[in-house]
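Q: There's a structure below that I have some questions on.
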Amino acid sequence: MTALRTKALAALAATSLAALSLTAGPALAQSAPKDGGTLVMGTVGVPRHFDGAIQSGIATALPSTQIFASPLRYDKNWDPEPYLAKSWEVAKDGKSVTLHLVDNAKFSDGTPVTAEDVKFSIETIKKYHPFKTMLAPVTTVDTPDKYTVVIHLAHPYPALLLAMSPALMPILPEHVYGKGDIQTNPANLKPVGSGPFKLVSYKQGDSYVLEKNPDFFLKGRPHLDKIIVKIFADPENMVLAVQNGEVDVAPLLSDVRDIQRLEKAPDVTVSNKGFEAIGPINWLEFNTKKKPFDDVRVRQAIGYAINKKFIVDRLLGGVAKRAYGPIAPGSPLATTDVNHYDYNPKKANELLDEAGLKKGADGTRFTMTVDYIPGSVDIGRNVVEYMRSALRQVGIKVEVRTSPDFPTWSNRISNYDFDLTEDDVYNWGDPVIGVARTYLSSNIRKGVVWANMAQYDNPKVDKLLNEAAVEGDPAKRKELYAEFQKIVVGDAPILFLNTVPFAIAYKKGLENVPAGIWGSLQPWDNVYWSKKN
Amino acid sequence: MRKLAPRLISAIGLLLAVLVLNFLLIHAAPGDPVQVIVGDMGGASPQLIAQMKAQYGLDKPLPVQLGLYLWQVLHGNFGYSVYFNMPVLDLILQRLPATIVLVLSSLILAVVIGTLLGIFSARRPRGILSHLVTLVSLFGFSAPVFWTGIMLTILFASVIPIFPVSGMFSVRDTGGFFAQTLDLLRHLVLPSVTLASIYIATYSRLARAAMLDVLGADYIRTARAKGLSERRVVFGHALRNGLIPIVTMVGLQFGQLLAGAVLVETVFNWPGLGRLAFDSILRRDYSTLLAILFFSAILVMVANALTDLAYRWIDPRIGGGRTRKATKTPAAPGSKSPGPAKG
């Protein structure tokens with residue numbers, strides 16, 4: 001607990017420094033950011049609406065982090081920074097967190113942001129946000145005065161600070177969103193927030209326009225006058241549009257060929273910095289209740305039969321990083337001290353023999369079906385196509401099954417109609433939010449995509465995950481998660497391949513492009529054009 | 001009125017069939033809109049999934065859902081788009097103008113260019129240029145429309161970037177009405193040519209066959225013998241009769257043109273009904289897709305009715321008892337045209 005407190009104090013000191021640098025403004029900056037200009041973004045995500053409090057996912061988080069402010073924001077070292085909360089304290093027992101809000105923040109309709117709005121937002125997120133575990137430990141929220149919020153917890157909950165990021169905790173005005181059913185509130189499409197930009201128009205599925213919020217509480221920000229987001233039906237057209245200058249920035253690329261093409265484009269910079277908190281991992285997931293994949297030796301054998309180095313270096317052109325376990329590399333809780341399943345067909349053959357799956361006359365031990373998420377060419381289709389020849393070497397015949405669209409795939413996999421599937425799943429910050437769901441036996445829920453679809457069941461893992469979720473001591477917590485990672489990789493319900501190669505591509509002259517742990521899913525208030533655009 | 005009533009009854013029956021069949025077809029596809037939404041959200045709890053299914057009525061048995069849907073449509077309510085979060089009718093009205101612009105411009109382009117090419121090659125059927133027209137038309141006809149679209153995009157938006165990659169307007173401010181119209185036209189060129197490419201082939205082949213037929217008729221020889229200029233003979237006398245199969249084809253192909261728009265709009269990111277239909281299929285947005293198909297059916301019916309009217313205008317003898325016969329058995333390429341309107 002002491003360590004937690006130290007961390008909180010350190011954060012407070014960092015906070016004060018950061019606040020100081022903000023007020024000091026351009027004088028301290030190396031080169032003063034220029035105000036003005038329009039930024040055209042290209043995306044393939046269609047936001048159903050803009051209310052990130054009740055809708056997760058990248059398509060909504062991208063605009064929601066511009067429209068709404070949140071209590072905290074994060075730097076690239078996973079350290080919290082002040083945002084709507086100018087400072088915060090974690091109680092000694094870890095069972096409450098107090099936020100001290102800035103007193104000059106206003107919503108775009110002119111009303112001030114108060115503690116009541118924060119309380120309302122936390123309660124709304126707890127009730128309606130798809131990530132149920134995220135605020136589950138929150139019991140009550142008190143508002144002793146207009147600018148102080150006290151969040152009470154059932155137990156120490158270290159993940160809370162990360163859950164206060166812009167991508168996860170937009171602060172909504174209670175007087176707008178508190179009326180009637182929030183799911184059908186018209187303000188979801190015409191949002192009122194206190195972030196650096198405000199929405200001025202949305203043509204469903206086609207484009208939306210964000211304009212500078214002149215009342216934004218951080219003085220001198222944002223620098224851009226306008227952000228126009230154009231929605232593309234496919235990434236290829238979007239990449240072409242970046243190449244020929246129609247679009248200034250593609251905030252979230254994930255296809256290797258797109259990244260490589262734009263790396264070669266003149267006047268375009270491609271950055272893969274950040275995104276660690278989104279933590280996207282590409283993996284192969286077994287149906288562990290189906291024979292012969294209920295045998296750990298068979299799963300491990302397939303792990304040894306696949307050359308991960310070939311996948312990362314050749315198929316993915318070195319653009320993606322190798323992932324070794326369930327916590328994405330880059331997270332302070334990730335460890336590489338796990339079995340790496342280095343390519344070893346001999347060992348794979350031995351394990352399969354040991355499991356009693358002898359080769360037949362034609363050299364085949366058994367036939368299996370492999371699925372992949374539709375649309376993912378490099379990390380999906382190409383990888384499973386490679387598996388066809390890789391597993392043939394150890395006597396396994398692979399039949400690749402294609403799904404025409406996402407609901408077809410999700411229907412098959414979540415109803416356990418599969419042997420093995422490629423899948424890419426996001427960590428979403430803390431393991432409590434995006435990692436535990438895949439391994440907790442209590443989360444084996446038929447029909448629910450990205451629950452424990454492998455039907456993996458290990459009481460030791462359940463215990464470790466439940467303990468780590470409430471462990472306040474960061475070092476102890478790290479140990480618990482390290483042990484969890486070791487066991488899961490050993491049990492191999494999932495074979496971890498690589499990170500999804502997220503990248504931002506932007507026109508030269510655009511400065512301070514977000515490179516923090518949330519990648520492009522954070523406020524673009526400090527972004528500016530160094531040359532006239 | 002006597003003729004209108006049975007037509008109306010069959011039209012209503014047809015629309016009902018369109019609704020019911022499409023409803024059953026889209027529900028036969030695996031998954032539902034809630035799965036798509038959950039996919040976009042990066043996962044959701046079972047409670048939230050159950051709540052959303054109940055909210056959108058997806059927890060009810062299929063026949064009940066169908067009954068409720070038909071009842072709703074009967075009252076002029078096409079439902080709420082689960083994915084796009086707005087009333088379906090508003091969504092369709094928002095997208096309709098883009099499709100009308102694309103489809104009409106492609107249709108005009110296909111008919112005008114196709115007919116001119118047809119006339120041109122009919123005049124010298126064995127000339128090199130005639131063969132060239134045949135070759136180009138066949139290429140346009142054989143190439144899949146999405147492939148043509150992608151090739152044109154690569155060529156004219158990337159290699160020689162003279163046209164924008166996609167969309168209907170530049171997202172940046174382009175200026176006043178005149179500048180915006182020019183901007184629209186620039187965006188329209190590639191999708192419109194792509195969609196027209198298949199139909200140019202159809203119309204040029206059709207016009208060629210019809211014109212060959214007509215140009216060999218006695219009344220044309222008479223017209224020429226009278227000393228009329230070739231231009232007057234072709235455009236004043238022959239073309240009017242040569243147009244009958246083309247008009248028939250326009251009416252018949254209107255539905256196909258809308259189907260082609262789905263692909264072209266998707267390739268070129270054209271914000272019309274076609275792309276909306278494509279998005280709705282992928283996202284299992286049932287109400288949106290059903291409404292698009294319903295309105296498309298109405299559009300096709302209207303197009304057929306207009307074709308009937310056009311016949312009467314082109315050939316005043318068509319009408320009365322013969323109208324329906326002409327509608328049902330459109331003149332095939334190379335078949336005998338109804339004969340000279342005037343000597």
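The values are calculated or read from the model by the stated rules, or taken from the named source; none is laboratory data. These figures come from a predicted structure and were not determined experimentally. All Cβ positions, even for glycine, are placed from backbone atoms using ideal geometry, and neighbour counts span all protein chains on display. Heads up: the accessible areas ignore ligands, DNA and RNA and are worked out on the full protein's heavy atoms, side chains in. Shrake-Rupley method; radii C 1.70, N 1.55, O 1.52, S 1.80 Å.
Q: Return the residue satisfying two criteria in turn: it lies in the stretch A:79-99 and is open to solvent by less than 40 Å² (accessible area, probe 1.4 Å) and within 20 Å of residue A:519 (Cβ to Cβ), and of such residues it is modelled with the lowest pLDDT.
A: In this case the residue turns out to be A:80.
Q: Restricting the search to the stretch A:271-298, which residues are under 23 Å from residue A:436 (Cβ atoms), open to solvent by 20 Å² or more (accessible area, probe 1.4 Å) and within 29 Å of the chain's Cα centre (by Cα)?
A: Passing the criteria: A:276, A:289.
Q: Here's a check for you: in the stretch B:154-183, which residue that is part of a helix (DSSP H, G or I) and among the polar types (S, T, N, Q) is nearest to the other protein chains (Cβ to nearest Cβ)?
A: For the stretch B:154-183, the residue satisfying everything is B:158.
Q: I'd like the full set of residues that are among the basic types (Lys, Arg), over 19 Å from the mean Cα position of the chain (by Cα) and within 9 Å of another protein chain (Cβ to nearest Cβ), limited to the stretch A:34-49.
A: Once the filter is applied, which keeps residues that are among the basic types (Lys, Arg), over 19 Å from the mean Cα position of the chain (by Cα) and within 9 Å of another protein chain (Cβ to nearest Cβ), the stretch A:34-49 yields nothing.
Q: Here's a follow-up. What number of residues within the stretch A:403-426 are within 13 Å of another protein chain (Cβ to nearest Cβ), open to solvent by 10 Å² or more (accessible area, probe 1.4 Å) and in a loop (DSSP other than H, G, I, E, B)?
A: 4
Q: What pairs come up if the first residue lies in the stretch A:207-219 and is at positive phi, the second is surrounded by fewer than 18 Cβ atoms within 10 Å (Cβ to Cβ) and of a type outside the set (Gly, Ala, Ser), and their beta carbons are under 6 Å apart, counting only those six or more places apart or on different chains?
A: none
Q: Let me ask another. Could you tell me which residue of the stretch A:338-369 is least open to solvent (accessible area, probe 1.4 Å), considering only residues that are among the aromatic types (Phe, Trp, Tyr) and farther than 30 Å from residue A:480 by Cβ?
A: Selected residue: A:366.
Q: Kindly indicate the residue of the stretch B:102-130 that is open to solvent by 50 Å² or more (accessible area, probe 1.4 Å) and at pLDDT 90 or above and also nearest to the other protein chains (Cβ to nearest Cβ) among those meeting that condition.
A: B:104
Q: Run residue A:165 past the list (1) crowded, with 18+ Cβ neighbours inside 10 Å; (2) in contact with a His (Cβ under 9 Å, 6 or more places away or on another chain); (3) of a type in the set (Ser, Thr, Tyr) and report the number of the one that doesn't hold.
A: Condition (2) is where residue A:165 drops out.
Q: Take residue A:230 and tell me if it is farther than 25 Å from residue A:280 by Cβ, in the same structural domain as residue A:199 (by TED's automatic domain parsing) and at pLDDT 90 or above.
A: no
Q: So, residue B:55, is that one open to solvent by 40 Å² or more (accessible area, probe 1.4 Å) and closer than 30 Å to residue A:424 by Cβ or not?
A: yes
Q: Give me the residue from the stretch A:141-161 that is touching a residue at least 24 places away in the same chain (Cβ under 8 Å) and charged (D, E, K, R) and, out of that set, farthest from residue A:115 (Cα to Cα).
A: A:145
Q: For the stretch A:100-134, give me the residue count where each residue is open to solvent by less than 40 Å² (accessible area, probe 1.4 Å), touching a helix residue (DSSP H, G or I) at 6+ places or on another chain (Cβ under 7 Å) and away from chain B (no Cβ under 14 Å).
A: Residues that pass the stated criteria total 3.
Q: Can you tell me which residue among A:449, A:488, A:461 is outside any loop (DSSP other than H, G, I, E, B) and farther than 28 Å from residue A:313 by Cβ?
A: After applying the criteria, what remains is A:461.
Q: Restricted to the stretch A:234-270, and to residues that are of a type in the set (Gly, Ala, Ser), part of a loop (DSSP other than H, G, I, E, B) and open to solvent by less than 40 Å² (accessible area, probe 1.4 Å), which residue is farthest from the other protein chains (Cβ to nearest Cβ)?
A: A:265
Q: Then there's this: Tally time: how many residues in the stretch A:375-401 are without any contact (Cβ under 8 Å) to a residue 40 or more places away in the chain and either among the acidic types (Asp, Glu) or open to solvent by 30 Å² or more (accessible area, probe 1.4 Å) (or both)?
A: 10
Q: Taking the condition of being in a loop (DSSP other than H, G, I, E, B) and open to solvent by 20 Å² or more (accessible area, probe 1.4 Å), how many residues in the stretch A:64-78 meet it?
A: 4
Q: Could I ask something else about it? Here is a list: B:275, B:224, B:186, B:205. Which entry is surrounded by 24 or more Cβ atoms within 10 Å (Cβ to Cβ) and part of a helix (DSSP H, G or I)?
A: That would be B:275, the only listed residue that is surrounded by 24 or more Cβ atoms within 10 Å (Cβ to Cβ) and part of a helix (DSSP H, G or I).
Q: Name the single residue, out of those in the stretch A:181-204 being among the small types (Gly, Ala, Ser) and buried (at least 22 other Cβ atoms within 10 Å of the Cβ), that is nearest to the other protein chains (Cβ to nearest Cβ).
A: Of everything passing the filter in the stretch A:181-204, A:193 is nearest to the other protein chains (Cβ to nearest Cβ).
Q: Could we say that residue A:223 is in a helix (DSSP H, G or I), more than 13 Å from chain B (Cβ to nearest Cβ) and not aromatic (Phe, Trp, Tyr) here?
A: When the stated conditions are applied, residue A:223 does not pass them.
Q: Would you mention how many residues in the stretch B:1-52 are under 28 Å from residue A:130 (Cβ atoms), open to solvent by 30 Å² or more (accessible area, probe 1.4 Å) and not hydrophobic (A, V, I, L, M, F, W, C)?
A: Of the residues in the stretch B:1-52, 6 are under 28 Å from residue A:130 (Cβ atoms), open to solvent by 30 Å² or more (accessible area, probe 1.4 Å) and not hydrophobic (A, V, I, L, M, F, W, C).
Q: Restricting to the stretch B:186-220, count the residues that are of a type in the set (A, V, I, L, M, F, W, C) and over 19 Å from the mean Cα position of the chain (by Cα).
A: Qualifying residue count, the stretch B:186-220: 9.
Q: Which residue, of A:52, A:110, is over 20 Å from the mean Cα position of the chain (by Cα) and outside any strand (DSSP E or B)?
A: A:110
Q: What is the number of the single condition among (1) within 9 Å of chain B (Cβ to nearest Cβ); (2) open to solvent by less than 10 Å² (accessible area, probe 1.4 Å); (3) under 21 Å from residue A:329 (Cα atoms) that residue A:435 does not meet?
A: In the conditions (1) within 9 Å of chain B (Cβ to nearest Cβ); (2) open to solvent by less than 10 Å² (accessible area, probe 1.4 Å); (3) under 21 Å from residue A:329 (Cα atoms), residue A:435 misses (1) alone.
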